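These notes concern the structure reproduced below.
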Amino acid sequence: LVTAAVSAPVVRNEVVGAEIGSAGRVALFDGQPRVTGTVLSPLSYDIAHDVECIIYAQARTGAEAITDGIRQAIATSILADRTLGNRCHWLDAMLVKFETIAVEGGEDIRAETIRITMEYSISHPLS
């Protein structure tokens, strides 16, 4: 979803360093699934899985424009297919948390954190 939506590099479960690059960077963190319900016949577990998506930009001017563009591309992608091609029941994004990260001897990094929640069902809790 995110990789296809943005032109910035996307990494998974990696801490981003002090150099971001002119296109920005996106880091996805797997997060924690939680059981929200159980159906006994047939047995299935309803899961809500929160994923963290952090958008980074580092530029003397225009960092906000970079993060805004990436965020809008992600939002458009989510709105276009809230079921991920029928792989989940529902996909939703929560409000963005903004942050400025000071870099000693370099340009500050603008970071925006989006929590994306996927809701789906599985037949076994270890699936």
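With all protein chains present, how much of the accessible area of the stretch 12-81 (probe radius 1.4 Å) comes from carbon and sulfur, to the nearest whole percent?
It is 54 percent, rounded to a whole number.
Select from N86, C53, V11 the residue farthest towards the positive end of the dipole of the chain; place +1 on Cβ of Lys and Arg, -1 on Cβ of Asp and Glu, and compute about the Cα centre.
After comparing all options, I get N86.
At 222 nm, what value in deg cm²/dmol follows for the chain if DSSP H runs of at least 4 each add -39500 (n - 2.57) and the sum is divided by all its residues, to the nearest 500?
Computed mean residue ellipticity for the chain: -5000 deg cm²/dmol.
Under a 1.4 Å probe, what is the accessible area of the chain per residue, stated in Å²?
Averaged over the residues of the chain, the accessible area is 61 Å².
Using Cα atoms only, what is the angle between the long axis of helix 63-80 and the major principal axis of the chain, expressed in degrees (0 to 90) to the nearest 10?
With rounding to tens, the tilt is 20 degrees.
Could you calculate the FRET efficiency of T76 with E119 from 1/(1 + (r/R0)^6), where r is the beta carbon distance between them and R0 is 22 Å, rounded to 0.05?
0.60
The values are calculated or read from the model by the stated rules, or taken from the named source; none is laboratory data. Note that this is a predicted model, so its numbers are computed, not measured. Virtual Cβ from ideal backbone geometry, glycine too; neighbours counted across all protein chains shown. Remember, those area values only see protein heavy atoms, side chains included, never the ligands or the DNA or RNA. Shrake-Rupley method; radii C 1.70, N 1.55, O 1.52, S 1.80 Å.
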